[in-house]
Amino acid sequence: MTMAACPGCVAAGPAAERAARRAGLPTHELILPTIHCSACISAVERLLNARPEIAAARVNLSRKRVAITAQVGLDPTPWITALTAIGFEAHEARATIAAQGNDGLTLRLGIAGFAMMNVMLLSIAVWSGASDSTRDFFHWIAATISLPAAIYCADPFFRSAWSALKAARLNMDVPIALAIILACGLSLYETMTGGAHAYFDAALSLTFFLLVGRVLETRMRSAARSAAADLAALEPNRVTRIDGDTRVSCPVDEIVTGDMLWLAAGCRVPVDGVLTSPVAQVDRSALTGESDATEVRAGAVLTAGDVLLSGPVTLRTSVDAKGSTLRRLVYLAALAEGARSRYTSLATKAAGIYAPLVHGLALAAFLGWSFATADLYHALTIAIATLIITCPCALGLAVPAVATVATGRLFRMGILVKSETALERLAEVDTVVFDKTGTLSDSGLVPPAEMPDGPRRVLKALAQASQHPLSRSVLGALADVQATDLDGIQEHRGKGVCACCAGRPVALGNGAWLGLGTGTWVQVGDAAYLLERRERAVPDAMPALSALHAMGLDIHMLTGDTHAHATRMAADLPVDHVHAEVDPEAKQKLIRDLQAQGRRVVMVGDGLNDTLALTQAWASIAPGTALEASQNAADVVLLGQQLSGIPTVLRIARSARRRILENFALAAGYNCTAIPLALMGFATPLMAALAMSSSSITVTLNALRTK
Amino acid sequence: MNILVILVPCSLILGLGALVAFIWTLRHDQYSDPAGDAQRILLEEDDAPRP
């Protein structure tokens, strides 16, 4: 009798499977950008858990996501629709991010904290006068706790130091690892020989303080990474494919060459392809920087990144999704050898000065004392005490503490810092180069000037009823108009919105659907108005640029658009230099030339045509509306389209750089008093403990002043 | 000094207890959603433990 035929097993089968599913890892993740309270949590969880196909759903409010356990590969569209129906904006996350990758680090921090506190208690007994066998007993207990704890907890520093040494470089972790190893080694020797000075507490507090810095840093970075991933997910990653007569929704990654895609107006073209509908209007600004819409006919090639202004249209893909994404990634990776990889961070520079200096001093102390007294053991003790007391602790915290405070502050303002050295580079910037289309300006639909107030109010109500990008853009031009009440609002996907206003039919949508030709029209009763597409400066461009001017920065505007459009935009804004009709390579060359003149350039751009320039520049910023490729290339991403974030980023970056330098000065100040004492042989474990904790605390407090 | 034989193990055991509690919270994923945990206490219905 086989196992499968056993009745008990058969009965247990589905139950066990269900239990395994319940215990299993989440299969789907949805991003819920608007959730914020306990009512949101319970509403979302109740709705999702009531669906039979979902085994478990759990909201994570900190990351504004819900993790869903269901069958792998199930289409989440109905869940998203259901959530949207009860008022929660939802998007599918590209990949479920593994829960917090820094658990190992947190565990190490906990163990280091435990060991440090216990050893410190024992040390206090020794410092207050425990002697002889009691002291030795305490030292032995301290050794039993410290050695395993130090080996386990300081492991990240040992690894990083080892990899730096293998590459013949010095980083901050080399002196740190050396100090920990020497402190433990010397203390063990002292304990075994019944000596008076054991530095176990110094070794552990060093580890603990540095781990605090490391944990904060990783947390900040994983928060920024997950926010960046959420941003990428806002771009739809599902498309409608036409299979014979039916339309199915499938993930972008599953598109293969020759698929027929159905795209609604306002969609971004996901994969390169050939237009099969008779005619379409497209916005190619992401690729070319041109703000005017282009009209293309059947057979024309549409490139990934183009935005459709009319629709719905059908498209036959000419490449695989994998092929085109991969090609772009390879392209970007090849470019990535830009400024950021050549930049030496302040921490590395400091380590480059600090490590040889301190190690040289210790060596000199050893040689000096062994010549003077011919007592090798005594000379070695002094040399090691010098290394321990010179506090790599403050230096190791100097940069991460400031970086954590600065990135945290920016993160709360919706500004993501993606690169580690971004803030340091941004602090040195003296020139800002803006891309025009999509960054300083956007194109939106504007109602004609002769349109009376009544229809304007209807238009606003219709536009508010739809989430479509084109409707959203109309709202920008109708900020001071009061919306009317409408009944029976119906949205026809890819066509438009229609409703009833005081018994008259009203509609907003594409001309073909309304029987009015091309373009987007609004129809109120018998009257119809064509909405014009016009370029305008984004609302906060003016204050942002004025603030940058006030900071003494030189402002350039670059664009692939025509001279006429560029000068018109520049007339309204405080721009110092305008460069029009430049292609991507020319943009890159312009930035290279500026940098060759000794300028430090920050590039702000959103389109694919800016990626080369973004990588070339000393530092780079992309608005949240930018394409994923540009966001990948940029150091800093501004969530939402808020240019006013740029002066803030630069101000905080400058403040952070000042705080880092102050911290280095503080650490150096400590060493100036500690080193002579250590060299003269007066260093004690108590002094080491005091120097280490007080310098770490001052450095951390100083970091909090970053504003 | 004989009191040390009792007090030193006491302090170590207490410390160890705190460490074990910390490891338990870490294992049970209690640091992944601090904001959510603060809100969940206000929920009316019984909140099932984490899967």
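Based on the Cβ-Cβ distance of B:GLU44 and A:GLU53, what FRET efficiency does E = 1/(1 + (r/R0)^6) give at R0 = 22 Å, to the nearest 0.05? The pair B:GLU44/A:GLU53 has a calculated efficiency of 0.30.
Accessible surface for A:LEU627 stands near 10 Å², nearest 10, in the context of the full protein assembly shown (1.4 Å probe).
Computed over protein heavy atoms with a 1.4 angstrom probe, the accessible surface ordering of A:MET551, A:MET451, largest first, is A:MET551, A:MET451. Across region A:444-536, Cα-Cα pairs farther apart than 16 Å form 47% of the total.
Counting only Cα atoms, the size of the protein assembly as shown along its three principal axes is 104, 82, 50 Å, in decreasing order. Between B:TYR31 and A:ALA596, the FRET efficiency estimated from the beta carbon spacing at R0 = 60 angstrom works out to 0.80. Kindly state, to the nearest 0.05, the FRET efficiency for A:LYS589 paired with A:SER133, given R0 = 56 Å and r defined as their beta-carbon distance. That pair, A:LYS589 with A:SER133, gives E of 0.15.
Here the simple spin-label model places points 7 Å from the Cα toward Cβ, and for A:ALA364 and A:SER249 these points are separated by 7.1 nm. With a sphere of radius 13 Å drawn around the Cβ of A:VAL215, what net charge do the other residues whose Cβ falls strictly inside it have (Lys, Arg +1; Asp, Glu -1)? With Lys, Arg at +1 and Asp, Glu at -1, the neighbours total +2. Computed with every protein chain present, the accessible area of A:SER128 is close to 90 Å² [probe 1.4 Å]. Counting only other chain Cβ atoms within 10 Å of each residue's Cβ, the peptide A:35-41 averages 4. Its Cα gyration tensor gives region A:565-707 an equivalent ellipsoid, and the semi-axes of that ellipsoid, as √(5λ) in whole Å with the largest first, are 46, 16, 14. Taking both sides together, the accessible area buried where B meets A is about 2200 Å² for a 1.4 Å probe.
Per residue, the accessible area of the protein assembly as shown comes to 45 Å², computed with a 1.4 Å probe over protein heavy atoms only.
For region A:256-319, the square roots a ≥ b ≥ c of the C-alpha gyration tensor eigenvalues yield an a/c of 1.5 or more together with a/b exceeding b/c, which makes the shape prolate.
Full extension of the segment from A:ARG159 to A:ALA85, taken as 0.36 nm per residue of separation minus the current Cα-Cα distance, would add 21.5 nm. All other residues with a Cβ under 11 Å from the Cβ of A:ALA161 taken together, and with Lys, Arg as +1 and Asp, Glu as -1, what is their net charge? Around A:ALA161, the surrounding residues sum to +1.
In straight-distance terms, cross-link reach from A:LYS587 covers every one of the lysines whose alpha-carbon lies under 17 Å from its own, apart from those fewer than eight places away in the same chain; here that gives A:LYS436. In summary, the helical segments of chain A meeting the span-like criteria, namely a full DSSP H run, a Cα extent along the axis of 15 angstrom or more and a mean Kyte-Doolittle hydropathy of at least 1.0, are A:103-127, A:173-192, A:346-373, A:376-389, A:392-412, A:685-703. A 1.4 Å probe, protein heavy atoms only, puts the accessible area of A:THR700 near 60 Å².
Here region A:20-92 was treated as a single set of alpha-carbon atoms; its pair distances binned every 5 Å from 0 give 3, 18, 32, 28, 14, 4, 0 percent.
Taking every alpha-carbon pair within chain B, the share separated by more than 17 Å comes to 57 percent. Each of A:LEU182, A:ASN510, A:LEU211 was placed along the dipole of chain A (beta-carbon charges, centred on the mean Cα), and the one lying farthest toward the positive end is A:LEU182. Under the convention that each Lys and Arg Cβ holds +1 and each Asp and Glu Cβ holds -1, the size of the dipole of the protein assembly as shown around its Cα centre is about 900 debye.
Here the Kirkwood formula, the inverse mean of 1/r across different C-alpha pairs, assigns region A:47-180 a hydrodynamic radius of 20.0 Å.
The values are calculated or read from the model by the stated rules, or taken from the named source; none is laboratory data. This structure is a prediction, so every number in the text was calculated from the model and none was measured. Methodologically, a virtual Cβ is constructed for each residue, glycine included, from the backbone with ideal geometry; neighbour enumeration extends over all protein chains shown. Note: accessible area is taken over every heavy atom of the protein model, side chains too, but ligands, DNA and RNA are not part of it. Shrake-Rupley method; radii C 1.70, N 1.55, O 1.52, S 1.80 Å.
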